[in-house]
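These notes concern the structure reproduced below.
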Amino acid sequence: MLILVAEDDELILKTIEHKLQKEGYEVIVAHNGKDAIDTIKNVTVDLIISDIMMPFASGIEILSAVKLTGRSIPIIMLSSMGQEDVVLNAFDLGASDFMVKPFSPNELILRVKRLSLKL
Amino acid sequence: MTLFSLGISVHELFLTFLVIFLLVLLLIAAVVFYSFYQYKELTNIHEWSDLIDEKVSDSIVYGEDLKNKDRGLNDLLRFSSFRNLFLQKLVDSEKKFSGGAQLEIRKIFDDYDLKKDAFRRLHQKKPYLIAGGIQELTTMQVTEALSEIEAFLIHPSPQVYQEAQYAMVTFKGFEGLHFLDSHPYKISEWQQLRLLRSLSSITSDAEAMMKDWLESPNDSIVIFTLRLLKKFQVLALYDQVHTLLNHSSENVRIQVVHTMLALENTFTVDHLIAAFPSQPEEVQLEILHALHKAKDARSSVFFKEQLHSHSATTIKLAAAESLYTLGEEKYLMDQLENPDSEQDIKLIIKHALQLKIC
């Protein structure tokens, strides 16, 4: 199972990447929204974990890009406190789940597993 | 007059130039050396940051399995600049994660014995360094630092005493707010929000404490307490809050209106309407907004009265908007169509309807 992780914070990105790899998932990383959108266009990923606020393109734009591909890819959004409006918007645009930062990597893995069961 | 007539020989002149030349060379060398040092430091910080990130990430992902994989950090601990960066990065990292990941980060702090560096900062002179030390010890939950941090509650620097206040609340919860009993300085809006956010519950004796704080001569403490009452829905203190509508500070009275609405009971609307005439315009506007949110049909007559009789346009406009919210659209339309209505009232109603419809 191939998972795309889009996050501009290096520590969070590395931690999620290593955690997913430890659990046996294949991972592609993107350091900003634009790289993530390019990846979505060129690679068939099975699941996306994306931060909402990122340079060049936001998590919301990633959701729109996924919609344009016509594929149904589960997306877990990571948001900061106080971004409720953005989170609601993200759900409207097709986000499957979201987690608020600071977050627990263990809980994220559980959510990934839950979503991957539905694939 | 020539140099020779001054008695300066060619030899002396040459020596002078040579000395100046050497001094310039020395200066250039010093600048180059300093720039190189700065560059090296910058490169080090970049490399060290990556190294620390790797260590934190490894610890979160693999935990105990990687306990001995030190990535050369032990060797770098002899540099104080590395230890400072390490501490700072751990504090920043701790804010990004929750649950077991936070515990792993605190374990790194213990394993590398960074506690003494954080304690050392408490004895520095510069306020930002002391505040940094308090923040580090608080984030890493070093409870043994509590008594030392408590002493900073009366430090003259706001940066220091604010960090100490936050630490007390982080360590002790509501009990940590005891500094409010005799706090002489203003608690900034930002600090109030920070403290409120970090509190998740109140203690059994909280009511008595908050009752005292409501009588504090420090207005910011009264406002903060009103916010606490609002957050934790302390209905029992409604009457004390109500009496504060006569407080000397306008800002306190504005917060009183917000808190009364949050603790609303069957008398709140009557209390607010009764207090309205004696308040300045800013507080009156807050009362109107509160009545608007309360959506109580009893306010309808009051709003109509303000629309027609109040002297301030902002109050008339707020009254018209509230009437619309209460479902008095027909009344407003009648006023518009009534040829006897005053022109300014018609303009205000049109504006209010436009705001509501758009």
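Values in this text are rule-based calculations from the coordinates and carry no lab data. Computed from a prediction, not measured in an experiment: that's the story for all the values here. Here Cβ is always computed from backbone atoms with ideal geometry, including for glycine, and neighbour counts include all displayed protein chains.
Things worth noting here:
- Counting Lys and Arg as +1 and Asp and Glu as -1 over every other residue whose Cβ lies under 15 Å from the Cβ of B:T314, the net charge comes to -4.
- For region B:47-64, putting each phi into the Karplus relation 6.51 cos²θ - 1.76 cosθ + 1.60 with θ = phi - 60° gives couplings of 5, 5, 4, 4, 4, 5, 4, 4, 5, 5, 4, 4, 5, 5, 6, 9, x, 4 Hz, in residue order, rounded to whole numbers and with x for Gly and Pro.
- B:A167 sits among other residues whose Cβ lies under 12 Å from its own Cβ, and their net charge, with Lys and Arg +1 and Asp and Glu -1, is -2.
- Within the shell of other residues whose beta carbon sits under 13 angstrom from the beta carbon of B:E282, the net charge comes to -2, with Lys and Arg scored +1 and Asp and Glu -1.
- Taking θ as phi - 60° and the Karplus parameters 6.51, -1.76 and 1.60, the scalar couplings of region B:273-286 work out to 5, 5, 7, 3, x, 8, 9, x, 4, 4, 6, 4, 4, 4 Hz in sequence order, x denoting glycine and proline.
- Amide H contacts of A:V27: A:I3, each under 5 Å away and 5 or more positions distant or on a separate chain (H built 1.01 Å from N in the peptide plane; Pro and chain starts excluded).
- Placed amide H near A:A6: partners under 5 Å, 5+ positions off or other chain: A:A30, A:I49, A:S50, A:D51
- Peptide A:106-119 has a mean shielding of 1, counted as Cβ atoms of other protein chains within 10 Å of each residue's Cβ.
- Farthest positive-ward along the protein assembly as shown dipole, Cα basis, beta-carbon charges - from B:L229, B:N251, B:F79: B:F79
- Applying the criteria of a DSSP loop state and at most 12 other Cβ atoms within 10 Å to the GluC sites (Glu not before Pro) of region B:295-358 yields B:E342.
- Region A:2-117: C-alpha gyration tensor shape, a/c 1.5 cut-off, then a/b vs b/c: rounded
- Taking Cα atoms only, the orientation of helix B:219-231 departs from the longest principal axis of chain B by about 70 degrees.
- 222 nm mean residue ellipticity, helices alone, for chain A (DSSP H n ≥ 4; -39,500 (n - 2.57); rounded to 500): -14500 deg cm²/dmol
- Rounded to the nearest 20 debye, the dipole magnitude of chain B is 660 debye, with +1 charges on Lys and Arg beta carbons, -1 on Asp and Glu beta carbons, and the Cα centre as origin.
- For A:F103, distant residues with modelled amide H under 5 Å away: B:F97, B:S98
- In chain B, a dipole from Cβ-located charges (positive for Lys and Arg, negative for Asp and Glu) runs towards its positive end, and of B:M260, B:L285, B:T203 it is B:T203 whose Cα lies farthest in that direction.
- Qualifying chymotrypsin sites (Phe, Trp or Tyr not before Pro) for region B:85-122 [loop in DSSP, other Cβ within 10 Å: at most 14]: none
- Farthest positive-ward along region A:2-117 dipole, Cα basis, beta-carbon charges - from A:S58, A:N89, A:L47: A:L47
- Given charges at beta-carbon only (K, R positive; D, E negative), |dipole| of region A:2-117 in Debye: 360 debye
- Estimated vicinal HN-Hα couplings, Hz - region A:25-41 in sequence order (Karplus 6.51, -1.76, 1.60; Gly, Pro = x): 8, 8, 10, 10, 10, 9, 8, 8, x, 5, 4, 5, 5, 4, 5, 4, 5
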